[in-house]
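Everything below concerns the one structure shown next.
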Amino acid sequence: MIRMEIALFLVLAFVAYIYFSAGRKHTLLHQTFSVLLIVMLVHLFFDAATIYTVNHLDTVPVILNNILHRFFIGTMVLAVYLFYQYIAILVEEETGRPRRLDLAAKLYLAVAELGALLLPVHYAVTPLGNYSDGIHANVCYASVAFYLLLCVGLLLGNWKLLDSRKKLAIGAALVIEICGSLIQAVNPTWLISGMGLTLMTMAFYLTLENPDILRAELTEQKMSMLYLKSQVNPHFLYNTLDTIRIQAQLNDDKKVADLLMKLVDFFRLSVKVDRQMVSLDDELELLEAYMELMCYRYPELRCEYDIDPELGGILVPNFILQPIVENSLLHGLKNKGYRGEIRITAKKSDKEPAHMEISIMDTGSGFAEGRKAAIDEMLLTYARQAPKLEGNSIGILNVQR
């Protein structure tokens, strides 16, 4: 049996080597998975050690056996807690719903770890093999059941909002661990808890954390951004050039040169496709060039800015504001003959001081009945939306992505 634990340790060690050597963004989700990998390696070490010591009770000192079993149970509790954390963070990122059960999960973790450290350890001796049982071992079973129930609740409660691939990954991992736990409970001498946790880890790695999958997703996102930035509305270009032509015919004015310069500035700024992130000042410079052209074309259109000067250097996704402002024009002010005001504000969030809020508002005709609810639903489930290459919602959907 110990050979299986060694094999599982080597498999996870190889996975950890690939995972940590691959470049990636250090998000909370990936940090949690990183800690989970390390904890699982430590757990498998103690799993293998206790399988040996529990079957050599006559030669291994009782105190050493007890210490190893306490670490074995303690790391298992921590591992299943991290599985819950990983799923909870994944669901939060996917749905936007906050993690409401974190406090209960952490309190249970503290109680269970104290139990693993302090409760008496007892060993059952059988012809088929020895194993730990009693109240100390029950800490392990109770912890697995508790965190699996939390995970199942998260999965079922957010089923409609989760991407199909992520539902499959979470569901497969939970089925594996539930089956492994039931087999272990019915046949305690089989000692396969490490296999269940390892397969659960592998389910997440192969479906969600594989570096090749992440690289493919990043490539798809970059290609989507390149496509979006190549789709500057041709009508905007043609109409603006026509405005310049007519103005040049009617009046030899310096404003024509200024207008042309703004057009040149807009296209110069909009083709910075090699940078995924730009400063807010750079993004606003692009937006100002665009809005000056539109305000010149529509004299009764106004644009107001209220930008916290401390935020100018903060990085934002490239080309994130212009599509929304264009939506304000096309869907808000067009029916009013482009008469009205667009207001762009950027400030520190009142609720989250570490966050920034950027608002784009217009004095246009507003949403048609039911339209806002449809857009909110589209944005909430954007990850499950097929990529859109045309239509009225391409701008806002790509910004959300």
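The values are calculated or read from the model by the stated rules, or taken from the named source; none is laboratory data. Everything numeric here is computed off the predicted structure, so don't read it as measured data. Note that each Cβ is placed from the backbone with ideal geometry, even for glycine, and that neighbours are counted across all protein chains shown. Only protein heavy atoms, including side chains, enter the accessible area calculation; ligands, DNA and RNA are left aside. Shrake-Rupley method; radii C 1.70, N 1.55, O 1.52, S 1.80 Å.
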Heavy-atom accessible surface of the chain: percent carbon and sulfur, 1.4 Å: 63
Candidates GLU288, GLU304, GLU177, ranked by Gaussian network fluctuation over the chain, Cα under 10 Å, top entry: GLU304
5 angstrom amide H check on TYR123, placed H, neighbours 5+ away: ASP133
Selected from ASP281, ASP253, ASP265 as most flexible by GNM, with the chain as the system and alpha-carbon contacts under 10 Å: ASP253
Check: region 1-141 dipole with +1 on Lys, Arg Cβ and -1 on Asp, Glu Cβ, in debye: 340
Out-of-range pairs (alpha-carbon distance over 25 Å; input LYS262/LYS348; LYS254/LYS336; LYS262/LYS334): LYS262/LYS348; LYS254/LYS336
Computed E for THR207/LEU118 - FRET, C-beta separation, R0 60 angstrom, nearest 0.05: 0.95
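Tell me the per residue accessible area of region 69-224 using a 1.4 Å probe; a whole number in Å² is fine. Working shown, then result.
Details: 7370 Å² over 156 residues.
Per residue, region 69-224 has an accessible area of 47 Å².
FRET efficiency for LEU10 and ASP133, Cβ-Cβ distance as r, R0 = 35 Å, nearest 0.05?
It comes out at approximately 0.75.
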Residue (of HIS136, VAL77, LEU156) at the positive-pole extreme of region 62-189, dipole from beta-carbon charges: LEU156
Inter-label distance for ILE38 and PHE20, nm, one decimal - labels placed 7 Å from Cα along Cα-to-Cβ: 0.8
Residue among GLU292, GLU310, GLU93 with the largest mean-square fluctuation in a Gaussian network model of the chain, springs linking Cα atoms under 10 Å: GLU310
Answer label for percent of Cα pairs over 37 Å apart (calculated), chosen among (1) 42; (2) 16; (3) 29: (1)
Peptide ranges 167-173, 10-16, 26-32 listed from the most packed, as the mean C-beta count within 10 angstrom indicates: 167-173, 10-16, 26-32
Cα→Cβ-extended label distance, 7 Å offset, between LYS167 and ALA354, nm: 3.2
Simple label model, 7 Å out from Cα along Cβ direction - GLU310 to TYR52, nm: 5.8
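Could you sort the peptides 49-59, 350-360 by per-residue average Cβ neighbour count (10 Å cutoff), highest mean leading?
In decreasing order of mean packing, 49-59, 350-360 become 49-59, 350-360.
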